[in-house]
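Pasting in a structure now, in structure tokens, and then I'll have a few things to ask.
The values are calculated or read from the model by the stated rules, or taken from the named source; none is laboratory data. Predicted model only: the values in this text are computed from it and were never measured. Here the Cβ is made from the backbone with ideal geometry for all residues, glycine too, and neighbour counts use every protein chain on show.
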Amino acid sequence: MIPTLDLYTNKERWKLLLFFIAIGIGIGSLWYTNKLVHELSREEEKKVELWAEATRYVLETQKETVDLNFLLKVIENNTTIPVILTDQNNKILFFRNVDSIKANKNEYLMEQLEVMKEFRLPLTIKLDNGKYNYIYYRESVILKKLTIYPYIQLLVIIIFVVISYLAFSFSRRAEQNKVWLGLSRETAHQLGTPTSSLMAWVELLKETNQDYNLISELEKDVIRLNIITERFSKIGSIPKLESMDLYFAINESVEYMQKRVPLSVNLQIVNGIDGIIVAINKHLFGWVLENLIKNALDAVVNAGIIEIRISNNSNKVFVDIIDDGKGVLKRNFKRVFKPGYTTKTRGWGLGLSLTKRIIEEYHHGKIFVLHSEINRGTTFRIILPIV
């Protein structure tokens, strides 16, 4: 099946576009913030260099004639950058902007000193007596928060996009459910009146002794119309499941479809295994099989083979519907089940979507494209739990 119409293509593109725009905004913000962090880091480095120079003057100046007020003011103005002053023997002489309560413990100061050593090489102060002091420092709390902020911002944007996408999907799905429910009930209502009338006409024809074979076939189609009306009336409500032989349910649908497929198409159950009991709604499950068979008929075009294979393990049964038609592109394996997806120029693209809903929501099973090759055929697989 080569797609010629997909009503969801544009929506998917828009969602991807909005997602990439949001990610682009986040990455742009991350880049710009990192640039600011780099500039602020350079400014803090200059401040520490100035602080180191002022400290050196204070340590070296012994004369009373020198006014130290300016130098002390430079030192005191550092209210954000954590610094530790040590001698050349690694003894802590002075610290600033370190947690004052924890700083009472020498172990804490030594831990902070090790952190600062890993952060950046110290600034060296050469004293007049030939000895050295070292100033260790790290980024300020503000700069540290600013460094982390863009990553938090990017995470928030991603979370927002995901929540928005899920909200949009749930909203769209709820809207689709309402449309389906209204459409199915209206369809059931519209079919009910003419079906009842046709049943009355069939009974009348029986009484007039018309051609029995003709009346029999007409009666079968009227009964089928009644079943279809029941199917539509069950959409939107929880159907009643009954335990029955799976082969019997499949064979009934296949026998009905065999009389309505072209003679050039060979529709058959390849390996029918009876005695496998599953909980299904007979009418809805028959609808699933008919949709899949009709889908296969569209794929094989004029001539081909449609096979139904049944296999099982200890607790699951597998029903494979196989055709040798046009095939499905791998990227469309999941999209074929979306409402609006169709390969035909006419049609609403609801058959496979409805099929998936019946199997997964009502019968607690799974349905998916097991395998497909272009111009080689497609295999749809249904998995149902065994009772």
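Does segment 188-196 contain at least one residue that is surrounded by 16 or more Cβ atoms within 10 Å (Cβ to Cβ), at pLDDT below 80 and farther than 30 Å from Glu230 by Cα?
No: segment 188-196 contains no residue that is surrounded by 16 or more Cβ atoms within 10 Å (Cβ to Cβ), at pLDDT below 80 and farther than 30 Å from Glu230 by Cα.
Check whether at least one residue in segment 231-253 is farther than 22 Å from Lys356 by Cβ, modelled with pLDDT under 90 and among the polar types (S, T, N, Q), and report yes or no.
no
Of all residues in segment 116-142, which are among the aliphatic types (A, V, I, L, M), assigned to a helix (DSSP H, G or I) and surrounded by 13 or more Cβ atoms within 10 Å (Cβ to Cβ)?
Correct list: Met116 only.
Report yes if Lys259 is over 22 Å from Val328 (Cβ atoms), surrounded by fewer than 17 Cβ atoms within 10 Å (Cβ to Cβ) and of a type outside the set (Gly, Ala, Ser), otherwise no.
yes
On to the next question. State yes or no: is Leu329 in contact with a helix residue (DSSP H, G or I) (Cβ under 6 Å, 6 or more places away or on another chain) and either crowded, with 17+ Cβ neighbours inside 10 Å or more than 21 Å from Tyr362 (Cα to Cα) (or both)?
no
Here is a further query. So how many residues does segment 261-316 have that are within 20 Å of Ile383 (Cβ to Cβ) and among the polar types (S, T, N, Q)?
Summing the residues that are within 20 Å of Ile383 (Cβ to Cβ) and among the polar types (S, T, N, Q) in segment 261-316 gives 9.
Go through segment 373-383 and give me each residue that's assigned to a strand (DSSP E or B) and either among the β-branched types (Val, Ile, Thr) or free of Cβ contacts under 8 Å to residues at least 60 places away in the same chain (or both).
Applying the first criterion (assigned to a strand (DSSP E or B)) to segment 373-383 yields 373, 377-383.
Result: Glu373, Thr378, Thr379, Ile382, Ile383.
Lys282 fails exactly one of the following numbered conditions: (1) more than 22 Å from Leu352 (Cβ to Cβ); (2) out of contact with any His (no Cβ under 9 Å at 6 or more places or on another chain). What is the number of that condition?
The one condition Lys282 does not meet is (1).
A further question on this structure: Go through (1) touching a residue at least 12 places away in the same chain (Cβ under 8 Å); (2) outside any strand (DSSP E or B); (3) hydroxyl-bearing (Ser, Thr, Tyr); (4) more than 30 Å from Ile358 (Cα to Cα) and name the single condition Tyr108 misses.
Every listed condition holds for Tyr108 apart from (1).
Could you look through segment 105-134, keep only residues that are more than 17 Å from Lys91 (Cβ to Cβ) and of a type in the set (Asp, Glu), and pick out the one that is modelled with the highest pLDDT?
The extreme case among them is Glu118.
To keep it simple, each residue is scored yes or no on (1) exposed (fewer than 15 other Cβ atoms within 10 Å of the Cβ); (2) among the basic types (Lys, Arg); (3) within 26 Å of Ile386 (Cβ to Cβ); (4) under 29 Å from the mean Cα position of the chain (by Cα).
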residue	(1), (2), (3), (4)
Val270	yes, no, yes, no
Asn281	no, no, yes, no
Arg309	no, yes, yes, no
Asn313	yes, no, yes, no
Arg335	no, yes, no, yes
Leu350	no, no, no, yes
Ile358	no, no, yes, yes
Glu361	yes, no, yes, yes
